[in-house]
Structures are given as C-alpha cells and as structure tokens.
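Notes follow once the structure below has been shown.
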Amino acid sequence: MAGFALLPFMWAVNFVWFLHEAFKAPPYPEQKQIRTYVIVSGVGASLWLIGVIVWVCVFQECRSEWGATADYLSFVIPKGVP
Amino acid sequence: MAATCVRPSPLTMFWCYCFYITTFLTLVHGDRVMNKIYVDIQGDMACFKRFNGTHEIGCTSGFYGNSGVIHVIQNQSDLQWVYDKGPHKPYVLAIPPQFLTPQVLKQAEDSGKVSGIVVMVEENFNPQVLGEFSGESHCPNSELDLYKASFPEYSGYCEKNPWNPDGTSFLFMSWNFPVFLVDNQTSIDYIKQYYEDFNKPDVNGEPQPWPLLCMELNSNMFGTTNTEVCMRRSNLAGSQLHHVNFCDPLSDRNILAALNPMNASVELPEKSVTVVAARMDATSMFDNISPGANSAVSGLVTLLVAADALNRHKDAKVESSTKNILFVLFQGESWDYIGSSRMVWDMARGEFPFKYQENLSDQMSQINLTHIEHFIELNQVGEGMRATDSLLFLHTDPVSNSDPQISSETKKLLTLLQTSSSVANSSVTLEEVNAKIPLPPASFQSFLKKENISGTVITDHKEGFKNQFYQSIFDDYKNVKYEADGGASDRYHKHISHVASALATTLYTILTDEVKPITVNETLADTLLYCYMQNISCEMFRKFGEKISPSFFNEKPAKMYVSVGENNGLTYLTEKILAGLVGEKVDLDSDSCKVTSRYSVYQLFYSASIDNGTCFQSTVRGTVAQSPAFSIEGYDWQSGEYSTWTESGWQMTGLMIYLKPSVGEEVGLVCGGVVSVLLSLGVVYFMNSRADIIFGLPTPPAAC
C-alpha cells in the first residue's frame with residue numbers, strides 16, 4: 001500500500017526510524033547494508049520533497065496563466081483570484 | 001468547636017438557585033465584543049462584478065474586506081487634501097453623487113491611497129445638479145448591434161450621433177476597490193457626525209490625531225477574469241464536493257400573452273401575429289437599486305394598460321379575427337438583448353414557446369419568425385410629455401425597409417398608428433423619424449437580424465435619448481416627473497394612458513380593420529406606475545404577489561435588474577398581473593385552479609386575496625430568458641454573437657464603522673495583555689508551590 005503513491009514518504013520514515021540503528025548502534029555485520037539503505041532512502045525522500053516544493057511554487061505562480069489546464073488540475077479553486 | 005450544620009431542604013435550595021440565577025441574569029448583560037467595537041451601517045448596495053466573454057467589470061473588496069480612515073468629501077479641495085496631505089492612508093472616501101465619475105475614481109485608484117468609496121445619497125439630494133451620469137456607453141448594446149457587422153453605412157451612425165449622449169460607460173469599468181451606495185439617512189448621519197467629531201482636519205488643514213473613524217467594506221467577489229474562466233470554474237466546482245458559485249449567467253423569464261388563444265390544433269397563418277413588445281429590465285452599478293423608470297417601467301406599464309384596454313374591448317369581431325396580438329415583455333435587454341435574442345433563437349430552431357409535444361392535443365401553437373406580421377416596440381416613452389400634449393417618435397429600420405413589400409407594410413403601420421392616435425383623441429403626436437436613420441438600441445434589432453419584419457420602435461427621443469439618467473440610480477419617478485400624491489392632477493399617468501390608448505386603438509384596427517376608439521383605465525395606469533416606481537408594497541402588488549416571500553415587499557421602488565436564476569419576484573409578479581389583466585375569471589376553487597401542464601393553451605393562476613379567492617384563466621406564460629450562448633455546446637465566448645454576461649457570486653456585503661486608536665496604543669494593548677497573562681501564570685505557579693505555607697493547610701496524610 002505505502003509503496004504505491006506514498007513511497008517517498010515511506011523512505012522518509014525509513015530514514016528516521018533506522019537512523020540510530022545505522023549510525024549510532026554498536027557495529028554488527030548487517031549494519032553496513034542497513035546504512036546504505038538508510039542513506040539512499042534519505043536522498044530519495046529529499047529529492048521528492050524538493051520536487052514537490054518546486055512543483056507547488058511553479059503551479060501557484062503559473063496557475064492563472066495555464067488557464068483551463070490548471071483549473072482541471074486544481075481540487076480547490078480559490079475564490080476571487082484570477 | 002463543633003459547627004452546627006443544618007442541611008437545607010431541597011425546596012429551599014431550589015428557591016435559592018432561582019434567586020441567584022435571576023440576579024445574575026438581570027445584572028449581567030452579555031454582548032459580543034464585536035458589537036461594542038463596530039457599528040453596522042447600511043451595506044446592501046454594493047457595486048459587484050459582472051463578466052462577459054472578454055472582460056470583467058465592477059468592484060470587489062479583498063477576501064477579509066477593505067478598511068480605511070473615513071474622509072468625507074464635499075468639494076475638490078477635500079479630495080486634494082487626501083492625495084497631497086493625508087498621512088493616514090489608506091482612506092475610505094465618502095462622496096456625494098456629484099463625485100461619482102470615472103475621473104474621480106480613476107484618480108483615487110492611481111493615488112494608491114484609497115481603499116474604498118462610499119457614495120452617500122441624501123434624502124433631499126437633487127439629481128439635477130449632476131452632469132453626465134448615465135452608466136451606459138454612448139451606444140448601448142453596440143456590441144450586438146444589428147448594423148455592426150453587416151451594414152457599414154449605418155454602423156457608424158451612433159459614433160457620430162450618440163443615442164445616449166450622457167453616457168459615461170461607468171457600468172463597464174473595473175475598479176480594484178469596493179464601492180458602496182448608502183441612501184439611508186441614519187447611516188449617512190452617523191458617518192458625517194463621527195467624521196466631524198474625530199476626523200475632520202482643523203481650520204489650518206492639519207490632520208487630527210488618533211483615534212480616527214474608520215470603515216470596513218466587505219464585498220468580496222468570487223469570480224474573476226471573464227465569463228469563460230468563471231463559468232468553467234463554476235462547472236468544475238459544481239462537480240466537486242464543495243460548491244462555489246463563481247458566477248451565474250444573467251437570466252430570467254420573458255413574459256408573453258396572446259390576445260386570442262393560440263391552439264396548436266389550429267394552423268397559425270403566416271404573417272398573422274402582431275408582436276407588441278416592451279422590456280422589463282433596467283440596471284445600475286449597484287446591487288438592490290435599479291429603478292429604470294423611463295428605460296423600463298414607462299414601456300412596461302404602457303403595454304400592460306393597453307393589453308387591459310384591448311382585452312376589455314374584445315368583441316366578436318376580435319375573437320373571430322384571423323389576426324392575433326402577442327404581447328411580449330423581454331427580460332435582460334440591458335445586457336446585450338438577452339431576452340429577445342433567446343426568443344429569436346428559439347423561434348429559428350422551431351422551439352418557441354417550447355418544443356412541440358407529440359400526442360398532446362391541448363398545447364400552444366409554435367410561433368416562428370415568419371408568423372410575425374408587425375413588430376411594435378415600446379421603448380423609452382416616459383419623457384414625451386409637453387406642456388399640454390405628448391410627442392413621441394416612430395423609428396424604423398432602413399435595411400429591412402429597402403424591401404418594397406416590407407416598406408409598404410411599415411408605411412401602413414405608421415399611418416395607422418398616427419390616425420389611431422387622433423381617433424383615440426389621445427393628444428399624442430407620433431412623428432416619423434427620418435427613414436434613413438438606423439434603429440436606436442431596441443429588442444426589435446434581435447428579430448431583424450434573422451428576418452425582415454415590418455415594424456416600429458416608439459420612443460420619446462428623435463435623436464439622442466431624452467433620458468439623462470439611462471441605466472443609473474436616478475432613472476426614478478422624479479426623472480419622468482411622476483407625482484404620486486398628485487392624484488388626478490398628475491400628468492404622467494395621463495401621458496402613459498394616452499400612449500396606451502393610441503396603441504390599443506391601432507391594435508383593434510389591425511385585428512378587425514375597423515376603427516373604434518379604445519379608452520384605457522387611467523386609474524390602473526396610475527396604480528401600476530406608483531407600484532413599480534415608488535412602492536412595491538402597494539395593495540395591488542401584495543394581492544397578486546401573495547405567494548412571494550414577505551421580505552420582497554419593502555416599500556421601495558421595484559428593482560428592475562434582471563439578476564440571475566429564474567425566481568425573480570418582480571417577474572413573477574408582472575406575469576401574474578398581466579394574467580389578471582388579460583385573463584378571465586373562472587369559477588374554480590383553490591384546489592382545482594392549478595396548472596396541469598405548462599404547454600396548455602390556458603394557464604391558471606389562483607389568488608386568495610383578490611375578491612376572497614379568484615381563479616384567473618389566461619394565455620400568459622413565461623419562457624426562458626437566458627442567452628443562447630449558455631445553451632450552445634462549445635460556444636465561442638469571444639464571437640460576439642450572443643450576450644455572454646454573467647454575475648459574480650458573493651457571500652454577503654456589509655459596511656461597518658469603528659474608532660481606531662493609534663498604532664502605539666494598539667501595540668501597548670497587545671503587549672499589556674501578554675504581560676498580564678505571563679504575570680498571572682507566575683503568580684499561580686508561586687501560590688501553588690507554596691500552598692501549604694500560604695493557606696496553612698496540613699500536609700495530606702500519605703496514602704496507605
């Protein structure tokens with residue numbers, strides 16, 4: 001379930017949850033593998049976050065310019081603004 | 001010491017509680033803090049937004065309203081003071097109507113110091129001091145003009161000889177601040193008095209210190225940009241969870257009545273119907289005020305009175321005539337001919353007054369453009385009074401009359417109107433306007449776009465409008481010189497009656513080929529004029545409108561604005577009054593007097609308050625008056641073929657005044673509040689931690 005639309009969010013949870021295990025816990029054989037996964041999850045989640053922020057900014061800036069397309073993409077159309 | 005403890009009886013306790021509660025309620029008076037700060041003043045007449053295919057017009061406030069320091073303007077120097085000197089921006093200008101001009105508003109907008117405008121119309125204001133004040137352009141409805149595209153030799157006429165010389169195009173401008181109209185004297189006195197007390201600059205023109213009187217204006221409009229955008233958004237929002245009415249098409253109902261019943265089972269001969277038309281709508285820049293005394297009521301009442309007279313003189317010859325008269329009242333004509341263009345569109349596609357119903361014997365005939373013999377339109381006829389008689393003008397269309405057959409029919413009609421006027425002894429002179437001059441803005445134009453029809457537009461003006469206040473708040477009973485208290489000495493209702501009499505006499509001859517003077521009911525004319533122009537709470541309106549909500553009857557002039565939706569109280573009322581005038585009373589009680597089908601030749605209307613319950617049977621019915629643009633799939637909004645006007649939705653409009661202290665005082669208050677909260681927290685913490693010392697309480701025994 002979580003893997004479908006919310007995969008990047010899952011990565012973020014993964015990153016926070018295993019942070020201690022990967023870096024702070026006393027060393028054990030599987031730790032290296034965990035560490036790789038945690039780092040990759042962290043990078044993926046931040047890329048996704050940056051992507052979302054950029055998209056929101058672009059969409060808000062260009063919403064009125066894009067006309068009909070933007071209206072069809074909107075769920076809530078604000079009142080009283082072009 | 002042993003305390004004697006007497007336990008009170010339950011009854012005593014009950015009385016004690018009652019005592020406490022009553023004392024509490026009488027001593028404490030609860031009121032919201034908001035009501036102690038703000039005073040609401042009349043705020044129901046806001047300038048609002050409308051849209052067409054390409055533009056937005058009107059005004060809006062911000063989402064949370066606009067506020068500013070009130071400055072009452074009496075002359076030009078007060079305005080200059082605000083722009084040059086006023087240190088307390090933003091300002092809300094309270095102006096008299098003389099200052100409601102595009103120039104003043106433009107200057108206010110450009111200054112960047114104005115956040116709103118309130119127009120104060122005092123009870124004793126005399127509109128005659130105003131210069132150009134008509135909200136319309138020089139050439140009303142010119143975008144949909146008959147001559148615009150196809151007939152270049154006539155299309156330039158209006159630019160050289162404007163039909164509306166007092167036009168300012170004010171209606172069609174867009175402002176980035178709210179504008180309100182206030183005509184309630186108490187509200188105006190509030191503003192003026194507190195302005196004198198707090199805001200008025202001293203004798204040297206120095207500004208007053210805080211606190212100052214401020215105003216908040218709320219008129220946030222939901223729609224923006226143009227009809228295409230806001231209709232798209234309205235449709236999208238309609239399909240989602242939360243519905244927002246970004247905008248709605250201007251629409252209502254046209255009203256029609258056939259003199260003789262038209263049954264679909266009897267074939268309607270070509271060129272047998274004479275259409276007698278008037279418009280029933282006017283407009284202004286503000287919500288809740290659009291009197292339209294000359295632009296709408298004059299023609300409307302003339303038509304009603306003529307229809308009543310003709311109906312009373314309906315004899316065997318009229319009933320057996322192959323000709324017929326169709327009385328039509330158009331809605332929304334002020335906004336690019338909404339009603340008439342819809343009727344023509346319906347006729348052209350063969351769905352007028354509705355789609356033909358198979359297997360239904362009792363239904364009204366289909367009418368199309370070729371059935372129309374003549375078209376007689378009563379346009380503005382209110383200002384045709386002269387010292388002892390009346391002078392009106394007959395306008396004709398030069399294009400359709402280039403066809404010799406149409407031309408001879410038109411000539412016959414004009415001659416008939418003129419002779420009928422003298423037959424009816426109505427003291428109305430009907431003068432033909434030069435046949436080369438194109439038609440003034442009129443519903444007839446919508447018909448001529450599709451079909452050449454003989455006809456005329458009757459007006460009080462030969463060239464430019466006589467109506468100085470066309471489509472403005474001052475096109476009221478004073479504008480047409482109506483004196484309601486004058487009774488028999490009032491000349492205006494006689495003028496309207498005379499015009500109606502000349503018209504009814506003409507129609508009688510059209511039907512029967514015989515000449516017979518038709519007298520009209522002057523009292524009816526007076527009553528109708530009074531009801532529409534001065535007081536919609538009059539007895540007649542109350543009787544016919546018993547099913548309308550009581551809030552409709554507010555002792556004010558009728559609001560002639562077309563508005564949105566099809567439940568306009570005034571249109572309903574007009575329809576029922578026409579039904580009462582041209583219908584016949586039938587012996588049915590309230591249960592059986594019900595319309596069984598909207599297609600039926602006869603429609604029924606029951607009123608309990610007329611003669612202890614009356615059932616009227618008439619041919620009066622309504623048809624949709626909404627621009628075809630909203631019914632045509634994939635209509636190109638920029639094409640300019642049909643009206644595209646829509647009105648923005650809004651929550652509620654309102655005006656509030658309040659006293660605003662200086663910034664220092666405001667900051668001090670907030671900081672004081674924060675400090676006292678922190679202080680009290682500290683005190684409570686301190687007292688709690690040392691409760692045993694302060695209150696001398698023994699330490700509670702440890703739990704076992």
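The values are calculated or read from the model by the stated rules, or taken from the named source; none is laboratory data. Because the structure is predicted, anything quoted here is derived from the model rather than measured. Reconstructed Cβ throughout: ideal geometry from the backbone, glycine too, with neighbour counts over all protein chains shown.
Details
- When residues of the range B:185-228 are limited to those that are of a type in the set (Asp, Glu) and outside any helix (DSSP H, G or I), the one nearest to residue B:63 (Cα to Cα): B:216
- Check on residue B:83, within 14 Å of chain A (Cβ to nearest Cβ) and closer than 30 Å to residue A:80 by Cα: no
- Residue within the range B:487-507 that is assigned by TED's automatic domain parsing to the domain that holds residue B:341 and part of a strand (DSSP E or B) present: no
- Every pair of residues 6+ apart whose Cβ atoms lie under 6 Å, when the first sits in the range A:40-68 and is of a type in the set (Phe, Trp, Tyr) while the second is surrounded by 12 or more Cβ atoms within 10 Å (Cβ to Cβ): A:48/A:8
- When each of B:305, B:266, B:275 is tested for being part of a helix (DSSP H, G or I), touching a residue at least 12 places away in the same chain (Cβ under 8 Å) and either farther than 26 Å from residue B:137 by Cα or in the same structural domain as residue B:474 (by TED's automatic domain parsing) (or both), the lone residue that passes is B:305.
- Subset of the range B:388-434 that is out of contact with any helix residue (DSSP H, G or I) (no Cβ under 9 Å at 6 or more places or on another chain) and among the small types (Gly, Ala, Ser) - its residue that is farthest from residue B:489 (Cα to Cα): B:402
- Residue within the range B:47-69 that is of a type in the set (Phe, Trp, Tyr) and surrounded by fewer than 22 Cβ atoms within 10 Å (Cβ to Cβ) present: yes
- Scanning the range B:348-385 for residues being within 19 Å of residue B:621 (Cα to Cα) and without any contact (Cβ under 8 Å) to a residue 40 or more places away in the chain gives a total of 4.
- Filter pass, residue B:125 being under 25 Å from residue B:51 (Cα atoms), outside any helix (DSSP H, G or I) and in contact with a helix residue (DSSP H, G or I) (Cβ under 9 Å, 6 or more places away or on another chain): no
- Enumeration of residues in the range A:34-65 that are within 14 Å of chain B (Cβ to nearest Cβ) and either farther than 30 Å from residue B:224 by Cβ or exposed (fewer than 13 other Cβ atoms within 10 Å of the Cβ) (or both): A:65
- Pairs where the first residue, in the range A:70-82, is within 7 Å of chain B (Cβ to nearest Cβ) and hydrophobic (A, V, I, L, M, F, W, C) and the second is surrounded by 15 or more Cβ atoms within 10 Å (Cβ to Cβ) and not in a loop (DSSP other than H, G, I, E, B), C-beta under 8 Å, 6+ apart: A:77/A:71; A:77/B:233; A:77/B:236; A:77/B:237
- In the range B:535-570, residue surrounded by the most Cβ atoms within 10 Å (Cβ to Cβ) [restricted to those that are in contact with a helix residue (DSSP H, G or I) (Cβ under 9 Å, 6 or more places away or on another chain) and β-branched (Val, Ile, Thr)]: B:562
A quick yes/no check of all residues on (1) without any contact (Cβ under 8 Å) to a residue 12 or more places away in the chain; (2) of a type in the set (Gly, Ala, Ser); (3) surrounded by 11 or more Cβ atoms within 10 Å (Cβ to Cβ):
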position: B:591; (1), (2), (3): yes, no, no
position: B:603; (1), (2), (3): no, no, yes
position: B:625; (1), (2), (3): no, yes, yes
position: B:673; (1), (2), (3): yes, yes, no
position: B:681; (1), (2), (3): yes, no, no
position: B:684; (1), (2), (3): yes, no, no
position: B:689; (1), (2), (3): yes, yes, no
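- Set side by side, the residues B:575, B:555, B:566 differ, and just one is in a loop (DSSP other than H, G, I, E, B) and either touching a residue at least 60 places away in the same chain (Cβ under 8 Å) or at negative phi (or both), which is B:566.
- Scanning the range B:578-604 for residues that are over 30 Å from residue B:474 (Cβ atoms) and outside any loop (DSSP other than H, G, I, E, B) turns up B:579, B:580, B:582, B:584, B:585, B:586, B:603, B:604.
- From B:137, B:115, B:219, residue being surrounded by 15 or more Cβ atoms within 10 Å (Cβ to Cβ) and free of Cβ contacts under 8 Å to residues at least 40 places away in the same chain: B:137
- Taken over the range B:243-258, residues that are within 14 Å of chain A (Cβ to nearest Cβ) and among the small types (Gly, Ala, Ser) amount to 0.
- Residues that are over 15 Å from the mean Cα position of the chain (by Cα) number at least 3 in the following helices (runs of 4 or more DSSP H) confined to chain A: A:31-66, A:68-73.
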